[in-house]
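The values are calculated or read from the model by the stated rules, or taken from the named source; none is laboratory data. Nothing here was measured: the structure is a model prediction, and the numbers come from that model. Backbone-built Cβ (ideal geometry, glycine too); neighbour counts: all protein chains shown. For accessibility, only protein heavy atoms count, side chains too; no ligands or nucleic acids. Shrake-Rupley method; radii C 1.70, N 1.55, O 1.52, S 1.80 Å.
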Amino acid sequence: MGLSRKDLLGIQELSVEEIQLILDTAEPMRDIIRRQIKKVPTLRGKALINLFYEPSTRTRTSFELAGKYMSADTINISTSTSSAVKGETLKDTAKTLEVMGADIVIIRHGAAGAPHILSKHLSASVINAGDGFHEHPTQALLDMYTIRERKGQISGLKVAIVGDILHSRVARSNIWGLTKMGAEVCVIGPSTLLPPGIAELGVTPFTSLEEGLPGADVIIVLRVQLERQQKGLFPTIREYARLFGVTAERVGMAKPDVLIMHPGPMNRGVEIAPEVADSVHSVINEQVTNGVAVRMALLYLLAGGGGPHEAIG
Amino acid sequence: MKLLVRGGKVIDPANDFCQAADILIDSGKISAVGQNLKANGAEVIDAKNKLVLPGLIDMHVHLREPGLEAKETIASGTRAAARGGFTSVACMPNTNPVVDNQALVEFINSRAASDGVVNVFPIGAITKGSAGSELAEIGDMKSAGAVAISDDGRPVMNAQVMRLAMEYAKMFNLPVISHCEDIDLAANGVMHEGYFSTVFGLKGISRLAEEVMVARDIMLAELTGTKVHIAHISTAGSVELVRMAKKKGLNVTAEATPHHFTLTAEAVGGYDTGTKVNPPLRGADDIRAVKEGLGDGTIDVIATDHAPHTVEEKDVEYNYAPFGIVGLETAVGLAFKELVNPGLLTVEELVRKMSVNPARILGLPKGHLGVGADADITIVDPGLREVVDVQRFASKGKNSPFGGWELKGLPTVVIVGGRVVMQDRELV
Ligand SMILES: [Zn+2]
């Protein structure tokens, strides 16, 4: 059984079964990445387009490698080279990609809902690689994969998400995914960076790490954008680091086998202390590897592939 | 030219007259109201089983001319008004250039005279260019026929400027219509702040952005004694502030739009930019409060804030789309659906909010069907059903979240100054 949907726009609309299917399918994909010759013919003849309106080396490279390992023809379009700067609308871009014969379009965009516009105008599959503050579903999938692999399961775990929740699509996607999978999720950040109505998403908000971290099995540390300080959302980077920086001492309040995660790129010494990022708790590098595997799984499933057992030829 | 509206139920609350009657029209005026009037050669309009109302007045419309004719013109906007059951509209000055002087008020009047299908009453700007700093030539604009002043869409942030504007406008007995929005609190938001803005990942506009300005302008109204009209009220807190102001006996009135008493922020789901409007669609509690305010008289007027945009402007990412919903052609149907049919307002009360009160607030000699009155009449078929088709709108703007909705209770005939301009849902 495969995925019975054209697009992946958010984790919100995924069922538990769909999430499990993607995570299960990522297992054999990771074996491919470990091979000497990382190439399977699964997506041969498929055209995969990375349409990035925001710079993101990490996510774009991850999708690109995922496509290449599966023999898809991958093309990158980033803002500097696209017609976006010339004022072409997203709708027209979608129509252009459609007639060029794109099979899968991966979009990163600063405006929430941009992938939905593409999806409406494209018969190709659309994958949301991050839209505004809305969702970043593949990041949540790779985070869930990493947690599941290390902890055996997600259900029953206590996960703390720390930082700028207000502007974080990673936080939103993880909240949807982790709560669906049965984790207990709390969000920790300055009150100016906690969005309104966040508790209604089924998470507990805290404004201090001391309150939120005890008993945590997983800590997901979010990148703090330095421009938020200029907008007056917190006084200084120094004070932010003092109040919300994840230090070794604070990690000590969590469970002894706590996992430390970060979607990258990190501001070492701001939201995360260097010794924490490099500690035995840290699975930050595994997240990157798993990201490629999860994206391979997703590409495979959206291209019509049938699940983990059929995934490797 | 004589016209006889025969056999309808006349609802004329201003004259305390609500019963089956005929209305005879002669030379653009109502010449007789009564039973079994003789046609005597007059053209007869059969209004059996229909409601005969004083012509509806929409006191908050954006006709976009001059300067923004791709969105709407006085011709297309007034046709939309006629199709929607309105005989008069008051148009906001945020055109290009902004209507901030006598010449532009005269331009609108002359364009309305040549192209307009319904009566058009210009609203002048409060400040030059609606820039919020220097008063516009309010006295001149009044002489040219402006019926109110407003910097709608670009709220006057400086309280001292607003105070002076109110004091100055009072000399001319002109109402000041306030678009209440604290720009700093609104903080570039694109939808109502709350659960749904968090879920959709869009920047929110808090209720406070509206309410602090409603509070400010009520206090300024108290200080200056000027007639202040609060435009498009959208939150429970604003309703309560206006209620308190009225209890105090202040000269404050308020309006609500059909979209604000019909839709909540949940409608933004799917990122349909047809739902992007300022003030934004709020919460269920706010809708309840707005309806309550309409019911108890706190909110005097239903106005559409008809804000047409081109398809190209709206067919973009939610963040980038302009604010605005076209309202003229769905207002009556939505008012029946949300207010009259469920029993929240009687037809008589609805007529007060869509004709009597806007006429009173703007000082127009309209809003009633007494002998000698202008023959502006709207005939509504309370049983007529229609599915909203935005492609059939007379407005150039198709930006409505109500496409596909079935509405019941729709205008079938519109008479302006004794002339039939709309019949059977089609412009004449
Ligand atoms: Zn306004």
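Quick notes on this one:
- Extent along principal axes [Cα atoms of chain A; Å; largest to smallest]: 53, 45, 35
- For region B:56-362, the solvent-accessible area works out to 31 Å² per residue, with a probe of 1.4 Å and every protein chain left in place.
- Chain A, accessible surface, carbon-and-sulfur percent (1.4 angstrom probe): 52
- Using Cβ point charges alone (K and R +1, D and E -1), the dipole size of region B:300-372 about the Cα centre works out to roughly 480 debye.
- Cβ-defined net charge surrounding A:Pro41, 13 Å radius [Lys, Arg +1; Asp, Glu -1]: +4
- Taking the 1.4 Å solvent-accessible surface of chain B as the whole, the part contributed by carbon and sulfur is 50%.
- In sequence order, region B:397-414 has phi-based couplings of x, 10, 7, 10, x, 9, x, x, 6, 8, 10, 10, x, 9, x, 10, 9, 10 Hz under the Karplus curve 6.51 cos²θ - 1.76 cosθ + 1.60, θ = phi - 60°, and Gly or Pro positions carry x.
- Surface/4 estimate of mean projected area, convex hull on alpha-carbon atoms of region B:56-362, nm²: 13.7
- Residues whose placed amide H lies under 5 Å from that of B:Thr330, excluding near-sequence neighbours: none
- The contact between chain A and chain B removes approximately 1600 Å² from the accessible area (both sides summed; 1.4 Å probe; ligands, DNA and RNA excluded).
- For B:Tyr168, the solvent-accessible surface with a 1.4 Å probe is about 90 Å², rounded to the nearest 10.
- With all protein chains modelled, accessible area of A:Asp217 [1.4 Å, Å²]: 10
- Taking the charge dipole of region B:56-362 about its Cα centre, with +1 at Lys and Arg Cβ atoms and -1 at Asp and Glu Cβ atoms, the residue from B:Ser133, B:Val199, B:Met354 reaching farthest to the positive side is B:Met354.
- Among residues other than A:Ile175 with Cβ under 12 Å from its Cβ, the summed charge is -1 (Lys and Arg +1, Asp and Glu -1).
- Measure of compaction for the protein assembly as shown (Cα Rg per 2.2 N^0.38 Å): 1.11
- The translational diffusion coefficient of region B:98-216, from Stokes-Einstein at 4 °C and 1.567 mPa s with a Kirkwood hydrodynamic radius over alpha carbon pairs, comes to 83 µm²/s.
- Measuring against 32 Å, Cα to Cα, the residue pairs B:Lys2/B:Lys142; B:Lys248/B:Lys276; B:Lys170/B:Lys353; B:Lys227/B:Lys276 contain B:Lys2/B:Lys142; B:Lys248/B:Lys276 as the ones spanning a longer distance.
- In region A:188-220, the residues that give up 20 Å² or more of accessible area when the other protein chains are added, compared with the chain on its own (1.4 Å probe), are A:Pro196, A:Glu200, A:Leu201.
- Cβ-placed point charges (K, R +1; D, E -1), dipole of region B:56-362 about Cα centre in debye, nearest 20: 640
- Amide H contacts of A:Ile127 (H built 1.01 Å from N, under 5 Å, at least 5 apart or other chain): A:Leu8, A:Val105, A:Ile106, A:Ile107
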